[in-house]
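Trainee: First the structure, which I've put down as structure tokens, then a few questions once you've had a look.
The values are calculated or read from the model by the stated rules, or taken from the named source; none is laboratory data. Just so it is clear, the model here is predicted, and its values are computed rather than measured. Cβ placement follows ideal geometry from the backbone for every residue including glycine, while neighbour counts extend to all protein chains displayed. Only protein heavy atoms, including side chains, enter the accessible area calculation; ligands, DNA and RNA are left aside. Shrake-Rupley method; radii C 1.70, N 1.55, O 1.52, S 1.80 Å.
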Amino acid sequence: MENKMVATENQYVLFKLDNEFYGIDILQVETIERVMDITRVPHALHYVQGVINLRGEVVPVVNLRKRFSLPEMPFDDESRIIIVSVEEIVVGIIVDSSSEVLQLNSDEIEDAANITNNTGNEFIKGIGKHEDRIIILLDLKKVLDIKDANDDVE
């Protein structure tokens, strides 16, 4: 039974943004969709692209290029919306492409503490090294600015 638990540990959905590889925990990914019609939302944060109708559910969509202050690019056939669930909040994130799931062993993941302390990049949870690739592992709670329920106690 313990082997099944290990099977999903350290599995990441990989995607590309600006020729860099990023990974998010597979347990947070609901589905990956092609880019569809996105309805703008007035007065939303600059990185919120809008909302989509996903099988009858309205889902907010974040443009990760804008969130990470990368140059904007038009969407193409490779562009995807990764639907993620973080603390029961469902959000779509737009990426340049997403094509694989990768399992990283513990010895292939480095703690990001020394990187984030020096660069101020609090979005990074760790750095994965697999074959000749460097994969930036994201902390979706911080990327999406989701606060803990305890933070809102008045």
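Trainee: Cross-link candidates for Lys141: which aspartates and glutamates have Cα within less than 16 Å, leaving aside residues fewer than 8 places away along the same chain?
Mentor: Asp25, Glu30, Glu87, Glu88, Glu122, Asp151, Asp152
Trainee: Out of residues 5 or more away from Ile32 or on other chains, whose amide H comes under 5 Å of its own, with H placed 1.01 Å from N in the peptide plane?
Mentor: It is Ile83, by chain and number.
Trainee: Along region 133-140, what does the Karplus equation 6.51 cos²θ - 1.76 cosθ + 1.60 (θ = phi - 60°) give for ³J(HN,Hα), rounded to whole Hz, x for Gly and Pro?
Mentor: Per-residue couplings from phi come out as 10, 9, 10, 7, 8, 8, 9, 4 Hz.
Trainee: Here is a further query. What percent does the relative contact order of the chain come to when contacts are Cα pairs within less than 8 Å and at least six residues apart? Working shown, then result.
Mentor: Numbers: 269 pairs, mean separation 36.6, N = 154.
Answer for the chain is 24 percent.
Trainee: Can you work out ³J(HN,Hα) from phi for every residue in region 17-29, in order, using Karplus 6.51 cos²θ - 1.76 cosθ + 1.60 and θ = phi - 60°, giving whole Hz and x for Gly and Pro?
Mentor: My calculation for region 17-29 gives 9, 6, 6, 10, 8, 10, x, 10, 3, 4, 5, 8, 8 Hz in order.
Trainee: For volume of the Cα convex hull per residue in Å³, pick the label among (1) 139; (2) 112; (3) 165 that corresponds to the value derived from the coordinates.
Mentor: Derived directly from the coordinates: (3).
Trainee: Shifting gears a bit: Per residue, how much accessible area does the chain have with a 1.4 Å probe, in Å²?
Mentor: In whole numbers, the chain has 62 Å² accessible per residue.
Trainee: Nearest 500 deg cm²/dmol is fine: what mean residue ellipticity at 222 nm does the chain get from its DSSP H runs of n ≥ 4 alone, each adding -39,500 (n - 2.57), divided by its residue count?
Mentor: It comes out at -3000 deg cm²/dmol, rounded to the nearest 500.
Trainee: Of all accessible surface on the chain at a 1.4 Å probe, what whole percent is carbon and sulfur?
Mentor: The computed percentage sits at 47.
Trainee: Report the local net charge at Ile134: Lys and Arg +1, Asp and Glu -1, summed over other residues whose C-beta lies under 11 Å from its C-beta.
Mentor: -3
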